[in-house]
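Rule-based calculations on the coordinates, nothing more; no lab input. Note that this is a predicted model, so its numbers are computed, not measured. Here Cβ is always computed from backbone atoms with ideal geometry, including for glycine, and neighbour counts include all displayed protein chains.
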Amino acid sequence: MDDQALDVLGVKLVAGRNFLPQDILPPKMGDAAETTVSQVVISRVLADALFPDGQAVGKGVYATGGFVSSPAIITGVIENLDGHTMNKDNQQHVAFLPRLPYPDEPAATYAVRVRPGRMPQVMSTVEKHFEAPDPDRFIDWIHPLQYFKDRASIADRNMTTFLIVVTVLLLSITAFGVFGLATFNVGTRTKQIGTRRAVGARRIDIIGQYIVENWLITTAGVIVGCALALGAGSWLSSEYQLPRLDLYYLVAGIPALWIIGLLAAWYPARRAAAISPATATRAV
């Protein structure tokens, strides 16, 4: 990449400086040491991983493989962004090298920044520009950056969809379980409900009783579930270096589970309130 790449990609520096025009030198073929770069710009995640206790700018890293004679100096640190790497766990470990393509490389990749809505016209101009010096030049593809972002995140999006479906199914099973439990309680407490109605309890009193009982059961389940979620999240974070569970998921999940539990118990509660006092009298 050259000194304009960060601006083209819209990446911001958080420390240090960008490459200077004189830093961008054509590569030399031959000795492996001559292909070694002397400077490198890395992402903030990579800087924190390499130098967790200090400043990364000015430190040396070995930026290329093979026989490297000297380390490259970190001149800048950029904000985090996803890169292309075989290691899916380190997608944000990004390093930019001030290197132009080798003279005999069969292909090269270029990035062009365009204004919104101007991509078709600009891409047509770019294609003509590249074909002008060599009519036999073959342009393999022209894609917007979003295309590569979507490709890089397709596995994560599939996993997100899968987890959403599983979560909806679990919530549905939970709602049906609450509904079944509340319906069972109505069937086993018919005499009690009829007796309360016979001594003056209103329908709203019966409904309120079942709603409060269900709310207490749901609250107990929510407390146990939150404790298990926090414990499992802490264990996964310490054992596998995964990010901790954000508390706003729990904060949003608690009222959601309350609402689901109350809606599941609403129909059985109304059914219980519809029992007439005569039912209990005949049963006695």
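Some observations on this one:
- Among the residues making up the range 2-12, a single one is in contact with a helix residue (DSSP H, G or I) (Cβ under 9 Å, 6 or more places away or on another chain) and crowded, with 16+ Cβ neighbours inside 10 Å: VAL11.
- Residues in the range 5-15 that are under 12 Å from PHE96 (Cβ atoms) and in a loop (DSSP other than H, G, I, E, B): VAL11 alone.
- Selection of first residues in the range 121-145 that are more than 15 Å from THR109 (Cβ to Cβ) and of second residues that are of a type in the set (D, E, K, R) and in a loop (DSSP other than H, G, I, E, B), restricted to Cβ pairs under 6 Å at least 6 apart or on distinct chains, gives the following pairs, ordered by first then second residue: GLU131/ARG137.
- Scan of the range 187-207 for residues that are surrounded by 14 or more Cβ atoms within 10 Å (Cβ to Cβ) and within 21 Å of TRP258 (Cβ to Cβ), ordered by number: ILE206, ILE207
Conditions (1) within 30 Å of TYR210 (Cβ to Cβ); (2) among the β-branched types (Val, Ile, Thr), marked per residue:
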residue	(1), (2)
ALA152	no, no
PHE162	no, no
THR167	yes, yes
ALA175	yes, no
